[in-house]
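**Student:** Please read through the structure below; I'll follow up with questions.
The values are calculated or read from the model by the stated rules, or taken from the named source; none is laboratory data. All values derive from a computational prediction rather than experimental measurement. Positions of Cβ are generated from backbone atoms using ideal geometry, with glycine treated the same way; all protein chains shown enter the neighbour counts. Keep in mind that these areas ignore ligands, DNA and RNA; they rest on the heavy atoms of the full protein, side chains included. Shrake-Rupley method; radii C 1.70, N 1.55, O 1.52, S 1.80 Å.
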Amino acid sequence: MPYDIAIIGAGPAGCTLARLLDRSYRVLLLDKRDLSSEEYPGMSKCCGGLLAPDAQKMLGRMGMAVPASVLVDPQLFLVRTIDFDNQIERYYQRFYFNMDRLAFDQWLINSVPENVDIAQGCTFKSCTPSDNRIQFTFTYKGKPFTEKCRIIIGADGGHSLVRKSLFPNKGIQSEYVSVQEWFETKNSVPWYGAIFDKTITDFYSWTITKGNVLFIGSALKKNNLALDKFKMLKMKLRDNGLVYGAKILREGAFIMRPQKVSTIHTGNQNCALVGEAAGFISPSSAEGISYALKSAYYLSQALNEGVEGFQPRYRKLVSELYRNIRLKNLKCPAMYNPLLRGLILRSGLKATEVLF
Ligand SMILES: Cc1cc2nc3c(=O)[nH]c(=O)nc-3n(C[C@H](O)[C@H](O)[C@H](O)COP(=O)(O)OP(=O)(O)OC[C@H]3O[C@@H](n4cnc5c(N)ncnc54)[C@H](O)[C@@H]3O)c2cc1C
């Protein structure tokens, strides 16, 4: 019997949707990762693992209290802005939960109810519409499988294959690649470092401490200079006094930056895109977990009224996220134009509200 709903991707968006869908639906949640396996860090999503206030609020609204086992020290109440373009440093208050991203994803998948079939270690390959159904293929341990569903959900992140398969003209061209390296550290710095330097990137770079590990990351233009720019960033940070030890690992991911809301796509009557697959992510800070949670929550509301006409309902509900992304795009010049940013940081005005 075909599934009513097949969700591809068990990240924050896919797990939240699976948890909130009406139990009368026959639901499949499929992910290429096996979050129950001990293999670390191959299974972890490349991410800063900071839960921003909007995401904390959204989890609270859904009655989800983040367990202490997901958190890592130090908790972060301060952003240290290092503006190399203007040679200015400023601190401002902001309350993040500092998390182990893998533990967060494991907590979310463990909260999916038992009526949902969970297929981990299964890599989605393709899908095609057939007789008012969607036929899709995936592999498990190298073997191909085919399934059918009434509605397929692309919750497979910024590089969504569901989106590419069904909407080839609406593919996302990610202009940025993020490189993040983990280093041993004995210095637990209790702030989130946000670094601006136009010689490195027109987006931004970051440092985050997690226990005895320091993350240095950067969202870089996707070209063959990216790794050289990353090396330059590390040298500049060392010269600026950042102390860190041996490298543990390097990870990377494409990163979306929806500079126009026209890059956002929510799907059609047989397919819904949710979270980063739809293009929901902050264009100013690349914070994406709150958008994944919110869009999944709205999609569950639209689908729980019935599958007929769910797409217009979903679009209406996510109009709030479109507005929010438009607003963030409006503040990007203040954040990413060195001259304007310098003026704001020097003025000491509410930098928090303008930046991030
Ligand atoms: C370097 C970096 C740092 C970031 N830091 C932060 C941060 O600190 N805070 C924050 O809020 N946001 C951050 N983000 C953004 C955030 O990680 C994402 O926006 C968020 O995870 C999106 O959630 P999602 O559920 O839509 O997609 P994802 O979390 O990407 O989940 C997609 C899921 O789909 C699965 N999948 C993908 N392809 C397939 C396939 N073919 N078959 C089967 N399964 C598949 C993946 O395994 C994954 O489990 C960061 C992003 C990057 C790149």
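**Student:** If the limit is 32 Å between Cα atoms, which of Lys231/Lys328; Lys125/Lys234; Lys143/Lys316 go over it? Please list the in-between numbers first.
**Tutor:** On the way: Lys231/Lys328 29 Å; Lys125/Lys234 37 Å; Lys143/Lys316 40 Å.
In this structure, Lys125/Lys234; Lys143/Lys316 exceed 32 Å between Cα atoms.
**Student:** Report, in listed order, any pair from Lys236/Lys331; Lys32/Lys221; Lys198/Lys331 with a Cα-Cα distance greater than 21 Å.
**Tutor:** Flagged as over cut-off: Lys236/Lys331; Lys32/Lys221.
**Student:** Oh, and also: Hey, can you find the accessible area per residue of the chain for me, probe 1.4 Å, expressed in square angstrom? Can you show the working numbers first?
**Tutor:** Details: 15930 Å² over 356 residues.
Averaged over the residues of the chain, the accessible area is 45 Å².
**Student:** Which peptide among 329-335, 102-108, 238-244 comes first, and what is the full order, when sorted by highest mean count of other Cβ atoms within 10 Å? If you can, show how the numbers build up before the last one.
**Tutor:** Values: 329-335: 15.3, 102-108: 20.6, 238-244: 12.9.
Packing proxy ranking, top to bottom: 102-108, 329-335, 238-244.
**Student:** Next question, about the same structure. Of all the accessible heavy-atom surface of the chain, with the other protein chains kept in place and a 1.4 Å probe, what percent is carbon and sulfur? Spell out each step's value before the answer.
**Tutor:** Working: 8490 of 15930 Å².
Ligands and nucleic acids excluded, carbon and sulfur give 53 percent.
**Student:** Over the range 3-354, calculate the relative contact order: mean separation of alpha carbon pairs under 8 Å at least 6 apart, over the residue count, as a percent.
**Tutor:** Values: 728 pairs, mean separation 70.9, N = 352.
Relative contact order comes out at 20 percent.
**Student:** Mind checking which aspartates and glutamates have their Cα closer than 20 Å to the Cα of Lys247? Skip sequence neighbours fewer than 8 apart in that chain.
**Tutor:** Partners found: Glu39, Asp73, Asp100, Glu181, Glu184, Asp228, Asp239.
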